[in-house]
Amino acid sequence: MNPHFHDEFVALSALYHSGEISEEEWALLQIHMAYCDPCHERFLQYQQIASDLVPAMAAVAASEAGGLPEQSSEALRAAEQRLMSRLDSDSPKAVPVQKRKIPWQIPVALAATLLIAVTGLIAFHPFGPRQEAQVESNHPRVQEAHSAPAPTGPEAAVAPTSQSPQGNPANLEKQVLAAQAQLKQSRLEMAEIEKKLEAEQAARTQLSQERDALNQKITVAQAEVASLNTQSASSSANANQQAARVVALEEKVRALNAAIEDKDTALNAKDRMLDLDRDFLAHDRDIRDLIGARNLYIADIFDTAANGKTAKPFGRIFYTKDRSLVFYGFDLDKRGDTKRDVAFQVWGRGSDKPVVSLGLFYQDDTNKRWILRCNDARSLARLDMVFVTVEPPGGSSKPTGKQLLRAYLQIPPNHP
Amino acid sequence: MEQVCKGSRDALALLFRKHNRAVRNVAYRILRDEGEADDLVQEVFLFLFQKAALFDASKGSASSWIIQIAYHRAINRRQYLTVRQHYDALELEEQRLGAGERRLFVDALVAKTCLNRLREQVSTEQREALEFHFFDGYTFREIAEKTGQTLGNVRNHYYRGLERLRACIFSKEGV
């Protein structure tokens, strides 16, 4: 027996006399008490307290509390008269129950019947004398237990039979047989109830195990949830840190981009300056080459006015024999008879060679000076004279326009 | 009681005058109605006159027996008035008060000693549960409403208190 269940039955046996237990609990308690002597003994003790002691205690408590005021003698007399008059009115019922003298034949017949019944019980009972003795010993206890409301069970059926003998032995024997059948039926029912009880206990045990297993699962799940919460909190913190870091990096990238743009701007400026320097350097080299060259011929080309005076020079050549020619023209487009959209083309002529084009003048940065460079040594070696003509934009394959400037190259150098 | 058993009305009148007040107090405390208490007094003494043969002098005094009858009748009457359920009170009394080997009629002195011991040895909640139920006839539900506790708590206090009382009474040093 599970000690927990035993404790429950102890509680039920205490609660039974309060009338606050259910029919089902009372049935289970009866079954339990049938084989648990300590519980049965305790049940009787509770019963004795409730039946015998409590009324006396209640009377003491009621007298202590004061209760009703004492009745006047008239009232008491009136109550007594009322009682006596009720005795008169209930006279058929009011006859005091006296211990009746039982004729000697009835106890003898009863004893004989009981002897037959006991013999029959021993003969037919499947469990033998030991169980029968137990039934005999259990009988009075359950009968006592049933002194409370609504007696149930097999003993309740047996009890009236033994208390009120009637008729002849044959009738009594019939009653005994009927009681035996009822007893057997009741035992079967009791066995069935015990089986149900065992099944219920097994089910309860299983439920308890399932509950424990579920509790374990819940504990594990709670631990997992706690772990996930921790991870989630950690991830959130990391995410916040990453977001802050991203913001900081974006700021840094913006600053770097601005710095790069500044540097690009500065670099572009430097590139421009470098290009200018290179340009200047190239010019310087040309100038240095020209200045440093031997056999250099430098000549200004003048136009002569109608009055025989020399005009302002509008051309100058730097010629290194058979090596290079730099031809400068001044204010070519400002001559009165020159159109705006024209090109100034430079030609070369040898003594035995046809006219060849040396290229078109281009303007330098000042827009006032026109320049042509020619480093073709072979062509220069065969030329005797160069001249400039006005040609359509893009130039022509042979001279078509008016000659503007002319210079002879087969002359001795003036800077040897 | 012997005279009452023989049908003496004078003896019954004597018992009535002697025990009327105690019976009426017990009945009134449980029923809480003067008219009901008066009716119950009549019922108790009618029952005594009819069932006097059930009294066994070896089990205790007549006054204790009368108080027992009055108490159980009052409790039954209260239950009847509470739930309006039909039952045969007379038969019940005969079963409860019939000859049992263990039956005892506890006298007032022993009852007072037990009452004092009860009040000393149980907690306030347990004492309330026991006294409201035993002395005033309240059900557990009524006690729960009255004391503001749960039904389960009242049931538990009742059981624990009663177990304490039982252990005290039925121990070797008991009353």
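The values are calculated or read from the model by the stated rules, or taken from the named source; none is laboratory data. The structure displayed is predicted, hence computed values, not measured ones. Positions of Cβ are backbone-derived with ideal geometry, glycine not excepted, and every protein chain shown enters the neighbour counts.
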Filtering the stretch A:397-416 down to residues that are assigned to a loop (DSSP other than H, G, I, E, B) and surrounded by fewer than 16 Cβ atoms within 10 Å (Cβ to Cβ) yields A:Ser397, A:Lys398, A:Thr400, A:Lys402, A:Gln410, A:Ile411, A:Pro412, A:Pro413, A:Asn414, A:Pro416
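Picking from B:Leu12, B:Leu46, which residue would you name as being more than 7 Å from chain A (Cβ to nearest Cβ) and either in a helix (DSSP H, G or I) or hydroxyl-bearing (Ser, Thr, Tyr) (or both)? Talk me through it step by step, then tell me what you get.
Details: B:Leu46 fails: more than 7 Å from chain A (Cβ to nearest Cβ).
The conditions single out B:Leu12.
Return yes when B:Leu54 is within 25 Å of A:Leu53 (Cβ to Cβ), at pLDDT below 90 and outside the structural domain of B:His133 (by TED's automatic domain parsing) and no when it is not.
On the way: within 25 Å of A:Leu53 (Cβ to Cβ): yes; at pLDDT below 90: yes; outside the structural domain of B:His133 (by TED's automatic domain parsing): yes.
Considered against the rule, which asks whether it is within 25 Å of A:Leu53 (Cβ to Cβ), at pLDDT below 90 and outside the structural domain of B:His133 (by TED's automatic domain parsing), B:Leu54 comes out as yes.
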What number goes with the only condition from (1) part of a helix (DSSP H, G or I); (2) under 30 Å from A:Ala407 (Cα atoms) that A:Tyr297 does not pass? (1)
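Looking only at the stretch A:55-78, which residues are over 22 Å from B:Phe55 (Cα atoms) and facing chain B (nearest Cβ under 7 Å)? Before the answer, list the steps.
Of the residues in the stretch A:55-78, the ones over 22 Å from B:Phe55 (Cα atoms) are A:61-78.
Hits for the stretch A:55-78 are A:Ala61, A:Ala62, A:Ser63, A:Ala65, A:Gly67, A:Leu68, A:Glu70, A:Leu76.
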Does at least one position in the stretch B:34-45 carry a residue that is of a type in the set (Val, Ile, Thr), at pLDDT below 80 and touching a helix residue (DSSP H, G or I) at 6+ places or on another chain (Cβ under 7 Å)? no
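I need the full set of residues from the stretch A:364-395 which are polar (S, T, N, Q) and surrounded by fewer than 16 Cβ atoms within 10 Å (Cβ to Cβ), in order please.
Going residue by residue through the stretch A:364-395, those that are polar (S, T, N, Q) are A:366-367, A:375, A:379, A:389.
Across the stretch A:364-395, the qualifying residues are A:Thr366, A:Asn367, A:Asn375.
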Restricting attention to the stretch B:123-141, and to residues there that are modelled with pLDDT under 90 and outside any helix (DSSP H, G or I), which single residue is nearest to the other protein chains (Cβ to nearest Cβ)? B:Phe135
If we scan the stretch A:375-390, do we find a residue that is in contact with a Ser or Thr (Cβ under 8 Å, 6 or more places away or on another chain) and in a loop (DSSP other than H, G, I, E, B)? yes
Mind checking whether some residue in the stretch A:351-362 is more than 60 Å from the chain's Cα centre (by Cα), at pLDDT 85 or above, surrounded by 14 or more Cβ atoms within 10 Å (Cβ to Cβ) and small (Gly, Ala, Ser)? yes
Counted residues, the stretch A:8-54 - those being away from chain B (no Cβ under 12 Å) and β-branched (Val, Ile, Thr): 1
